[in-house]
2 protein chains.
Amino acid sequence: MKIIELKETITASNDRDAQVLRDELKRQGTLLVNLMASPGAGKTTLLERTIQDLKDRYSIAVMEADVDSDVDAKRIELMGARAVQAHTGGMCHMDAGMTRRALEELDAKDADLVILENVGNLICPAEFDTGAGKNVMILSVPEGDDKPLKYPLMFTTSDVLLISKIDVLPYFDFAIEKCVERAKKLNPSIEIFAVSSKTGEGMAAWENWLSNAIDAWKA
Amino acid sequence: MKIIELKETITASNDRDAQVLRDELKRQGTLLVNLMASPGAGKTTLLERTIQDLKDRYSIAVMEADVDSDVDAKRIELMGARAVQAHTGGMCHMDAGMTRRALEELDAKDADLVILENVGNLICPAEFDTGAGKNVMILSVPEGDDKPLKYPLMFTTSDVLLISKIDVLPYFDFAIEKCVERAKKLNPSIEIFAVSSKTGEGMAAWENWLSNAIDAWKA
């Protein structure tokens, strides 16, 4: 079997813009969380539940990034959080400049937490620093426990891995311990929570981590 | 709620290269099928089963495109089909030039069918014509029936939609008729098959379509 390397050069000036944005948000006391996952991993459902559980303690706003449609932003607004929908015009990721523009539209200077629901994709979003203080990824049980092998960059750039849809574990060949081992091998400091937005299992541990991260960002 | 348009310009010279490649493959009598889906939608498992069922009638070869790893190509070789693994070096799609290079390495001039398992992604692969004769996409039940709304280009550029993992329908809120309606609205001529690579349900109809497509390509 042959393996062919097809190389590309990735634009890099984005890193500087992202660091400037992160510094501004730090001074402002707003934690920006960049939430990344495949299409259909359950990003919006997880956000709905997280917002519901934390909205009395923190001022939360959401930026929904999508190639098209505004179904996600509408769902988030129903939960009582401010939301803005960013259309990427075909692009598969958000970069720091796009994130800055969306933040300006959101006008969330007073927010404790802004969540960027990135475009559904395990590849491109991992390559572009958005200026977020924390990167969080979701891997859902139906996607398979081999994904750290196939999308390593996503796992190395994430501070948190949420293994989601654990309510359907009985119906899939997904070994949590194998997935954890593979993710930790790529990124020993990654925090991992197994959750179900449907049943609520595991959500308290994730929300506790998030609360601590918001408080630490302001300190 | 505000909607922000973040535009980009997409390179277009790829279209001409793709058409040249498609014409060459037509003269050669090799049908190139571009298989696209999200990470974990079950592309490789579907291929394994399809190859097993059709390998006595057709000469089949496979190009596995991945950001990294060679787990998929190894799985395909175990099924007795020629396989080549293409690493995209971080890129989220295959274009016509990359496909040509991978075909040269595969050396599949005598093949009736070459399947390109594109990078796991519902966005970028839809934007780049690979030179394939047919575009086939998989949407798995756990991803949700709203995906035509969010990734419309993938549905408009596909000749076939395979709704996969139908064995887990009882455990997810996925309405097949709603998904079919949304896909047909975007692309009235799209062929749709509901399949399970696990139980084999629906596979015969998909393989019948594929056999007809191979025969028609040679005619």
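Structure summary
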{"quantity": "Percent RCO, i.e. relative contact order, over chain B, from Cα pairs under 8 Å lying at least 6 residues apart", "calculated": "24"}
{"quantity": "Longest segment of chain B lacking GluC sites (Glu not before Pro) that sit in a DSSP loop with at most 13 other Cβ atoms within 10 Å", "calculated": "B:9-200"}
{"quantity": "Those Cys residues of chain A for which no other cysteine Cβ falls under 4.7 Å", "calculated": "A:Cys179"}
{"quantity": "Reduced Cα scattering model of the protein assembly as shown, Debye log10 I(q)/I(0), q = 0.10 Å⁻¹", "calculated": "-0.68"}
{"quantity": "Net length gained if the chain between B:Glu24 and B:Glu177 were fully extended (0.36 nm per residue, minus Cα distance)", "calculated": "51.2 nm"}
{"quantity": "Unit charges on C-beta of K, R, D, E only; dipole of the stretch A:17-218, Debye", "calculated": "300"}
{"quantity": "Low-density loop positions, trypsin sites (Lys or Arg not before Pro), the stretch B:69-114 - DSSP coil, at most 15 other Cβ in 10 Å", "calculated": "B:Lys109"}
{"quantity": "Average projected area [Cα convex hull, the stretch A:1-160], square nanometres", "calculated": "10.3"}
{"quantity": "Rotation relating A and B, chain B residue nearest the axis via C-beta, angstrom", "calculated": "B:Pro142, 2"}
{"quantity": "7 Å along Cα→Cβ, label-point gaps from B:Asp68 to other copies, nm, shortest first", "calculated": "3.2"}
{"quantity": "Tail beyond 15 Å, pair distance distribution of the stretch A:24-117 (Cα, percent)", "calculated": "57"}
{"quantity": "At least 20 Å along the helix axis (C-alpha) and Kyte average at least -0.5, DSSP helices within chain A", "calculated": "A:203-218"}
{"quantity": "Spatially proximal aspartates and glutamates relative to A:Lys218 (Cα-Cα < 16 Å; intrachain offsets below 8 disregarded)", "calculated": "A:Asp23, A:Glu24, A:Asp110, A:Asp112"}
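Each reported figure results from applying straightforward, stated rules to the coordinates on display, with no laboratory input. It should be emphasised that the depicted structure is a prediction, and the values quoted were computed from it without experimental measurement. Cβ: placed from backbone, ideal geometry, glycine included. Neighbour counts: every protein chain shown.
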